[in-house]
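**Student:** The structure's right below; bear with me while I get my questions together.
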Amino acid sequence: MPKSTLLVRSDEDPWSESELAEVKSELEADLGRLRDELEQTARDLADLLDDGSDGAGNDQADVGSKGLERDAELSLRANQQELLFQTEKALGRLADGSYGQCESCGEAIGKNRLMAFPRATLCIPCKQREERR
């Protein structure tokens, strides 16, 4: 991953090896943490499903509580999977030299934005347009 090939804005210095190492290290740490969290969430969800939430012998409050807990676990799992996907994608973009390039307009995302949110794939103007839709 030659640093000189990574796109930066005109008012920014090129990526340094230490900056890239820091971003990569953060993403790799997140990747490991997210995989662990997904495994734990899968176990928790399996426990909830094995807990006999069909309502037999449970009052309505228990059934409702278990349903809410199951829904929360499913939502958490979906969020974790999305973050895992974004993290893997960011690491792939670092490896192929496209890290820092907006996927919409092709311009530089900006180092400050990427240092704050290393999974960013859109520059600020494109992200704002996407959010208005």
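**Student:** Just to verify a result, which residue in the stretch 8-46, among those that are of a type in the set (Gly, Ala, Ser) and under 30 Å from Asp71 (Cβ atoms), is modelled with the lowest pLDDT?
**Tutor:** First, the residues of the stretch 8-46 that are of a type in the set (Gly, Ala, Ser): 10, 16, 18, 21, 25, 29, 32, 42, 46.
Retained after the next criterion (residues that are under 30 Å from Asp71 (Cβ atoms)): 29, 32, 42, 46.
Numbers: Ala29: 96, Gly32: 95, Ala42: 88, Ala46: 85.
Residue satisfying both the conditions and the ranking: Ala46.
**Student:** Next question. Collect the residues in the stretch 47-77 that are of a type in the set (A, V, I, L, M) and modelled with pLDDT of 85 or more, keeping them in residue-number order.
**Tutor:** As a first pass, look at the stretch 47-77 and keep what is of a type in the set (A, V, I, L, M): 48-49, 56, 61, 63, 68, 72, 74, 76.
Of everything in the stretch 47-77, those that are of a type in the set (A, V, I, L, M) and modelled with pLDDT of 85 or more turn out to be Ala72, Leu74, Leu76.
**Student:** Here is a follow-up. Return the residues of the stretch 92-111 that are of a type outside the set (A, V, I, L, M, F, W, C) and either assigned to a loop (DSSP other than H, G, I, E, B) or touching a Lys or Arg at 6+ places or on another chain (Cβ under 9 Å) (or both); say none if nothing qualifies. Full working, then the answer.
**Tutor:** Restricting attention to the stretch 92-111, the residues satisfying the condition of being of a type outside the set (A, V, I, L, M, F, W, C) are 92-93, 96-101, 103-104, 106-107, 110-111.
Gly97, Ser98, Tyr99, Gly100, Gln101, Glu103, Ser104, Gly106, Glu107, Gly110, Lys111 - these are the residues of the stretch 92-111 that are of a type outside the set (A, V, I, L, M, F, W, C) and either assigned to a loop (DSSP other than H, G, I, E, B) or touching a Lys or Arg at 6+ places or on another chain (Cβ under 9 Å) (or both).
**Student:** Here is a list: Glu12, Glu17, Glu39, Glu28. Which entry is acidic (Asp, Glu), under 22 Å from the mean Cα position of the chain (by Cα) and within 18 Å of Pro118 (Cβ to Cβ)?
**Tutor:** On the way: Glu12 fails: under 22 Å from the mean Cα position of the chain (by Cα); Glu17 fails: under 22 Å from the mean Cα position of the chain (by Cα); Glu39 fails: within 18 Å of Pro118 (Cβ to Cβ).
Result: Glu28 is the single residue among Glu12, Glu17, Glu39, Glu28 that is acidic (Asp, Glu), under 22 Å from the mean Cα position of the chain (by Cα) and within 18 Å of Pro118 (Cβ to Cβ).
**Student:** Across the stretch 89-119, which residue is surrounded by the fewest Cβ atoms within 10 Å (Cβ to Cβ) among those that are closer than 17 Å to Ser25 by Cα and small (Gly, Ala, Ser)?
**Tutor:** Applying the filter and picking the extreme gives Ala116.
The values are calculated or read from the model by the stated rules, or taken from the named source; none is laboratory data. In this text the structure is predicted, and so the values were computed from the model without any measurement. Neighbour counts are summed over all protein chains in view; Cβ atoms, including those assigned to glycine, are modelled from backbone coordinates with ideal geometry.
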